[in-house]
Protein chains: 2
Amino acid sequence: MILITNDDGYQAKGIGVAVELAKRLDDRVVVMAPDGPRSGQSSALSVNNPIVFHPIQQEDGVEIYACSGTPVDCVKLAFSGVVPNWERPRMVISGINHGSNSSINVIYSGTMGAAIEGCLYGVPAVGLSICNHDLQADFDYVKEAFAKILEDVYFNALPSGICLNVNAPKDGPIKGIRVCRQASGQWSEEFMASPTPRGYDCYWLTGKFSNVETDATDTDEYALQHGFISVNPVHADMTCYDAIPLLTQRLS
Amino acid sequence: MILITNDDGYQAKGIGVAVELAKRLDDRVVVMAPDGPRSGQSSALSVNNPIVFHPIQQEDGVEIYACSGTPVDCVKLAFSGVVPNWERPRMVISGINHGSNSSINVIYSGTMGAAIEGCLYGVPAVGLSICNHDLQADFDYVKEAFAKILEDVYFNALPSGICLNVNAPKDGPIKGIRVCRQASGQWSEEFMASPTPRGYDCYWLTGKFSNVETDATDTDEYALQHGFISVNPVHADMTCYDAIPLLTQRLS
């Protein structure tokens, strides 16, 4: 069985492509995905309100459930066994996201929050994204490369504690696949002030992303800018082991 | 200037203690914190709705603003310059959280989402938590040790790209400070099903946390169980560098 979720909602075009690719690998695909957009939800949980889910479709080996929670809620709820005849998935796929999750955006990504959650359950997990926010985006140009990555993970699993953050350039043709590190990036001009009838402004999140490592050739941003699919191995353990000796000296 | 936020809201007792400790170090403290509870918000952003903020207090060198967004929204909004006479903070403090953020809970923590955000802006950042959810928790037993950590970070900064996840045991006396790695843990029985008048169940997040590394002595869980404050260095770069060669061999 393959479990699929996303952060754009179960009706998004991209998750349909993920289902199509998963069906090539397994005869059972379970989708537990948000009932609407949940972009920027990171690994957020519904702590203060309950969640619900409803069956949407059950045919051709594909079971689709819509959930009122966050992407991570979806993964947790599925693993809790609410799906009839639940079995441990062989792989978790999150996406295909409409929009980039490269560089530091992995931190804010609901797509990657769900992939990390699969990883925490000990299941090989892949977050898939294309650098195109268009709801009607064409996914044909990434299918072959994404299928290759999913096939490898499905049959060979992943090292323990690691999931993959996979991003594709906005347009094809795809030149290949590059395994790379997360680029250092930064956002600027992050809010647009907008007047309200109450006499104060409200603030909409916006902003410009810039890669601050423009000379580096081993980053996901470099790969994407040069026509390659970027594969960034992400670990669930956030400890910076290198810093432990110095801090021990300072604080203990 | 020291910037303070949290995920329990500006009125929580713990953030008041953080303000008290910050005032010992700097003559200007700016609080931009959520206007209510935001536990489990991780690094979530308000993507689909605008946020607002309002001044609450401006006296004795402490300026307090309440924001309708997530903890990360609070940090981003403060750095965007909406606070009068904004200056780059010398340190970001998130907390003191009412509840543990040790082990894998760093992933879901709004407290730590805000600390990581400070780190992404290049400012030394510390998330502070105590293993006690009680809203009326006593913080006296942690003040001395937390003050020592904040003083060190304020004067000596932190290595680039790293922030601190600091947790204290539920009760004192504190035996000391241990710099340690994040324990592997897992949650079980994560939802309670509850009937609704609509004929289907809703699901409340709950669950039991267990440390799966009960023999390890170098983890945050071990330190906390033995009366020590745990200091876990967290890096914003989520790349698992060790996995790059293997995956390159498999996928490129």
Viscosity 1.567 mPa s, 4 °C: Kirkwood-radius Stokes-Einstein D of segment B:64-205 over Cα pairs, µm²/s: 76 µm²/s
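Taking loop as defined by DSSP and a crowding limit of 15 other beta carbons within 10 Å, which GluC sites (Glu not before Pro) in segment B:16-104 fit?
Those that pass, being in a loop and sparsely packed, are B:Glu87.
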5 angstrom amide H check on B:Thr239, placed H, neighbours 5+ away: A:Gln182
Relative contact order of segment A:48-153, defined on C-alpha pairs under 8 angstrom at six or more residues apart (%): 24 percent
Over chain B, relative contact order from alpha-carbon pairs under 8 Å, at least 6 apart, %: 18 percent
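Mean 1/r over all different Cα pairs, inverted: what Kirkwood radius does segment B:135-252 give, in Å?
On the way: mean 1/r = 0.0562 Å⁻¹.
With all distinct Cα pairs of segment B:135-252 included, I get 17.8 Å.
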Peptides ranked, highest mean first, by Cβ atoms within 10 Å: ranges A:91-99, A:78-86: A:91-99, A:78-86
Other-chain or far-sequence residues with amide H under 5 Å of A:Ile96's (modelled H): A:Ile15, A:Val17, A:Ala18
Inter-chain shielding of A:156-169 (mean C-beta neighbours from other protein chains, 10 Å cut-off): 2
P(r) histogram, all alpha-carbon pairs of the protein assembly as shown included - 20 Å bins from 0, percent: 24, 57, 18, 0
For B:227-238, mean number of other protein chain Cβ atoms within 10 Å: 6
Shape of chain B, Cα gyration tensor, a/c cut at 1.5: rounded
Label distances, nm, B:Asn156 versus same residue in remaining copies, Cβ-directed 7 Å point: 4.3
Using a 7 Å Cα-to-Cβ projection, A:Leu135 label spacings across copies, nm, ascending: 3.9
DSSP bridge pairs, the protein assembly as shown: antiparallel proportion in percent, nearest 5: 45 percent
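Please average, across the residues of B:142-149, the number of beta carbons from any other chain that are within 10 Å of each residue's own beta carbon, and give a whole number.
Partner-chain Cβ atoms within 10 Å, mean over residues of B:142-149: 1.
In debye, nearest 20, what is the charge dipole magnitude of segment A:146-252 about its Cα centre with +1 on Lys and Arg Cβ and -1 on Asp and Glu Cβ, if you could check? All intermediate terms of the calculation are to be shown ahead of the outcome.
Details: 8 positive and 13 negative charges, 25 e Å.
Dipole size: approximately 120 debye.
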Furthest towards positive pole of dipole, B:Ala66, B:Ser80, A:Gly161, structure part the protein assembly as shown, Cβ charges: A:Gly161
Under 17 Å between alpha carbons - lysine pairs in chain B that sit 8 or more apart or on different chains: 9
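Under a Cβ-only charge scheme (Lys and Arg +1, Asp and Glu -1), can you give me the dipole magnitude of segment A:1-137 about the Cα centre, in debye to the nearest 20?
In debye, rounded to 20, segment A:1-137 gives about 240.
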DSSP-defined antiparallel bridges as percent of all bridges, segment B:17-86, nearest 5: 50 percent
Given charges at beta-carbon only (K, R positive; D, E negative), |dipole| of chain B in Debye: 320 debye
Trypsin sites (Lys or Arg not before Pro) within segment A:1-99: DSSP coil, no more than 13 neighbouring Cβ in 10 Å: A:Arg24
For A:Ile56, label point 7 Å along C-beta direction: distances to other copies, nm: 3.9
Chain B: antiparallel DSSP beta bridges as a percent of all, rounded to 5: 45 percent
Per-residue [θ]222 nm for chain B (sum of -39500 (n - 2.57) over DSSP H runs n ≥ 4, rounded to 500): -7500 deg cm²/dmol
Amide hydrogen neighbours beyond the local backbone of A:Ile56, cut-off 5 Å, H modeled: A:Ile64, A:Tyr65, A:Ala66
Inter-part distance where segment A:83-120 and segment B:141-177 are each reduced to a Cα centre, Å: 33 Å
Between segment A:198-238 and segment A:1-68, the alpha-carbon center distance in angstrom: 25 Å
Ranked by how many other beta carbons lie within 10 Å on average, peptides B:131-140, B:189-198 from highest: B:131-140, B:189-198
Relative packing of B:64-73, A:145-154, which averages over residues the other C-beta atoms within 10 Å, highest first: B:64-73, A:145-154
Sum of side-chain charges, B:Pro37 neighbourhood, beta-carbon under 15 Å (Lys, Arg +1; Asp, Glu -1): -3
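Read-outs throughout are calculated quantities, based only on the coordinates presented, and are distinct from any laboratory measurement. Note that the coordinates shown come from a computational prediction; the quantities given were computed from them, not determined experimentally. In this analysis, Cβ positions are derived from the backbone assuming ideal geometry, glycine residues included, and neighbour counts consider all displayed protein chains.
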